[in-house]
Amino acid sequence: MANPSPGNSITLRVEAPSSFTATSELAAAVGNAGAAVTALDVAESHHNTIVVDVTCNTTDDEHAKRVEAALNALEGVKVLHVSDRTFLMHLGGKLEVVPKVPLRNRDDLSRAYTPGVARVCMAIAEDPSAARNLTVKRNTVAVVTDGSAVLGLGNIGPAAALPVMEGKAALFKQFANVDAWPVCLDTQDTEEIIRTVKLLAPVFGGVNLEDIAAPRCFEIEARLRDELDIPVFHDDQHGTAIVTLAALVNALRVVGKKIEDVKIVVSGVGAAGSAIIQLLKAQGAQHIIAAGRSGAIHKGESYDDRHRTWIAQNTNEEGYSGSLHDALAGADVFIGVSAPNILGEEHVASMAKDAIVFAMANPTPEVDPVVASKHAAVVATGRSDFPNQINNVLAFPGLFRGLLDAGASDITPDMLVAAAEAIANRVADNELNASYIIPSIFDLQVTKDVAAAVAAAAHANSAAAEAVAAL
């Protein structure tokens with residue numbers, strides 16, 4: 001199922017005999033090796049040779065070696081150097097700090113730093129709330145991880161998690177002009193993480209928790225929300241839930257079904273699965289069966305953590321206790337946030353007519369999307385090389401933009417639903433189809449719409465709270 005991807009893009013510097021067909025022969029060799037050529041650039045031209053930079057997408061490192069071997073096998077051709085374009089992008093990191101104010105002379109220096117800055121410090125000391133307007137706090141988010149659940153890579157630690165957190169911060173800036181900074185903590189102790197984030201909180205206007213393993217992530221988020229006066233958001237939970245709900249709203253429009261009527265089977269009851277179920281319930285879903293490794297979650301079983309207990313108490317009204325595969329029979333919707341290749345074609349075929357399949361395990365989905373599309377009306381994944389990519393970048397930049405603009409101190413379910421509806425509404429009626437249920441992540445209006453919707457929900461909550469306090 002693996003396809004050549006820009007995530008495994010390489011550039012090969014190749015020396016070849018000078019001829020009118022040289023570049024086409026190089027392209028053909030790369031194509032025959034299964035790679036996708038994206039660029040051919042003649043870097044040097046000599047009387048009997050040319051040097052060509054061949055850029056192509058591969059599937060993995062082993063595939064890249066096969067491409068190199070295919071070129072070297074051509075008569076008179078020699079691969080001089082191979083560059084991994086992803087590693088090149090990461091050289092020196094993906095972030096930098098740039099001052100927003102000019103420091104051209106003593107006058108500038110006296111106001112940005114000493115002695116003038118002392119007056120601003122004293123103003124904040126007298127009124128700590130002034131820090132939001134007079135420092136980076138008003139536009140800064142901490143992207144916090146302990147490296148315990150990084151992408152699909154598992155517990156690889158804080159240093160190895162840093163490239164992901166840098167990327168997250170870059171997305172915040174690119175899509176929402178939010179200044180985010182990676183905070184990779186060298187501890188996986190729940191109390192230490194909570195204490196450290198609380199100590200760092202004065203600098204930030206919000207906290208984005210990222211790639212922290214369940215069930216610790218639940219307690220960390222809950223405690224920080226209770227103990228801080230800035231919004232705390234676990235993107236693996238709620239970002240995934242927002243975009244999943246947005247995609248489902250539109251997928252149901254495609255097949256002409258209502259969320260309160262459909263049978264939904266969720267595979268995976270960790271951070272993402274738990275949050276998805278809660279948001280589906282908030283949107284009116286009535287018939288949900290959630291399955292973990294040992295089968296369906298149900299009231300007849302006791303569970304060690306409060307999240308599975310909540311799922312057991314709030315889903316699966318009929319008390320189904322069988323396997324995931326059997327649960328899928330007659331189901332309208334499958335939502336997978338679990339493990340690769342756990343479904344076969346026969347399982348998708350057993351679902352209801354006009355079924356919806358969201359296979360979001362990354363990088364390998366729960367079922368091959370091509371196979372699923374033989375039987376399901378709508379198929380979505382977390383991958384960029386298939387239609388309907390369910391990607392958190394549609395949610396978290398706009399969400400935090402709205403929270404920061406509103407000066408919000410908390411995140412409520414109605415804000416999450418508002419964000420999901422804003423994303424769904426970016427797909428117009430005349431655009432909506434089985435291969436386009438979710439807008440492009442490069443639709444810049446998405447962030448603006450999500451920010452506006454979240455800010456409006458935050459202001460409404462604030463007004464409601466003030467009205468209650470006035471009674």
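The values are calculated or read from the model by the stated rules, or taken from the named source; none is laboratory data. Computed from a predicted model, the values in this text were never measured in an experiment. Positions of Cβ are backbone-derived with ideal geometry, glycine not excepted, and every protein chain shown enters the neighbour counts. Only protein heavy atoms, including side chains, enter the accessible area calculation; ligands, DNA and RNA are left aside. Shrake-Rupley method; radii C 1.70, N 1.55, O 1.52, S 1.80 Å.
Answer yes or no: is there a residue in region 440-447 that is more than 23 Å from residue 222 (Cα to Cα), in contact (Cβ under 8 Å) with a residue 40 or more places away in the chain and buried (at least 24 other Cβ atoms within 10 Å of the Cβ). Taking every residue of region 440-447 in turn, at least one turns out to be more than 23 Å from residue 222 (Cα to Cα), in contact (Cβ under 8 Å) with a residue 40 or more places away in the chain and buried (at least 24 other Cβ atoms within 10 Å of the Cβ).
Going by what's in this entry, would residue 377 be described as within 26 Å of residue 5 (Cα to Cα), buried (at least 23 other Cβ atoms within 10 Å of the Cβ) and either among the small types (Gly, Ala, Ser) or touching a helix residue (DSSP H, G or I) at 6+ places or on another chain (Cβ under 7 Å) (or both)? Taking the combined requirement at face value, the residue does not satisfy it.
Report, by residue number, each residue of region 325-365 that is over 18 Å from residue 246 (Cα atoms) and either of a type in the set (D, E, K, R) or in contact with a Cys (Cβ under 6 Å, 6 or more places away or on another chain) (or both). Result: 326, 345, 346, 353, 354.
Taken together, the residues in region 305-322 that are open to solvent by 30 Å² or more (accessible area, probe 1.4 Å) and over 28 Å from the mean Cα position of the chain (by Cα) amount to 6. Taking region 362-471 as the region of interest, the helices (runs of 4 or more DSSP H) fully inside it that hold 2 or more residues being over 22 Å from residue 279 (Cα atoms) and among the small types (Gly, Ala, Ser) are 444-470.
A quick yes/no check of all residues on (1) open to solvent by less than 30 Å² (accessible area, probe 1.4 Å); (2) out of contact with any strand residue (DSSP E or B) (no Cβ under 6 Å at 6 or more places or on another chain); (3) among the basic types (Lys, Arg):
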| position | (1), (2), (3) |
| --- | --- |
| 162 | no, no, no |
| 167 | yes, yes, no |
| 170 | no, yes, no |
| 177 | no, yes, no |
| 198 | no, yes, yes |
| 205 | yes, no, no |
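Name every residue in region 332-352 that is charged (D, E, K, R) and either in contact (Cβ under 8 Å) with a residue 24 or more places away in the chain or open to solvent by less than 10 Å² (accessible area, probe 1.4 Å) (or both), in order of residue number. Answer for region 332-352, where residues must be charged (D, E, K, R) and either in contact (Cβ under 8 Å) with a residue 24 or more places away in the chain or open to solvent by less than 10 Å² (accessible area, probe 1.4 Å) (or both): 332, 345.
Scanning region 50-85 for residues that are more than 10 Å from residue 13 (Cα to Cα), among the β-branched types (Val, Ile, Thr) and at pLDDT 95 or above yields 50, 58, 67, 77.
Within region 1-29, residues that are more than 30 Å from residue 371 (Cβ to Cβ) and of a type in the set (Val, Ile, Thr) sit with their Cβ atoms under 7 Å from residues that are open to solvent by 40 Å² or more (accessible area, probe 1.4 Å) and part of a helix (DSSP H, G or I), at 6+ positions apart or across chains, in these pairs: 11/85. Quick check on region 323-347: of everything there that is among the aliphatic types (A, V, I, L, M) and part of a loop (DSSP other than H, G, I, E, B), which residue is farthest from the chain's Cα centre (by Cα)? Across region 323-347, the extreme among qualifying residues is 329. Here 230, 259, 288, 220 are screened, and the one residue that is surrounded by fewer than 24 Cβ atoms within 10 Å (Cβ to Cβ), part of a strand (DSSP E or B) and either touching a Pro at 6+ places or on another chain (Cβ under 9 Å) or modelled with pLDDT of 95 or more (or both) is 288.
Checking each residue in region 63-92 for being assigned to a helix (DSSP H, G or I), open to solvent by less than 100 Å² (accessible area, probe 1.4 Å) and free of Cβ contacts under 8 Å to residues at least 60 places away in the same chain picks out 63, 64, 67, 68, 69, 70, 71, 72, 88.
Looking at region 89-134, which of its residues are within 29 Å of the chain's Cα centre (by Cα) and either under 21 Å from residue 201 (Cβ atoms) or of a type in the set (A, V, I, L, M) (or both)?
89, 91, 95, 97, 98, 132
When the test is whether a residue is closer than 30 Å to residue 7 by Cβ and surrounded by 13 or more Cβ atoms within 10 Å (Cβ to Cβ), residue 95 passes it.
Here residue 328 meets the list (1) within 21 Å of residue 421 (Cα to Cα); (2) surrounded by 22 or more Cβ atoms within 10 Å (Cβ to Cβ) almost entirely, failing just condition (1). Meeting the requirement of 1 or more residues that are under 23 Å from residue 402 (Cβ atoms), the helices (runs of 4 or more DSSP H) wholly within region 116-192 are 131-134, 158-176.
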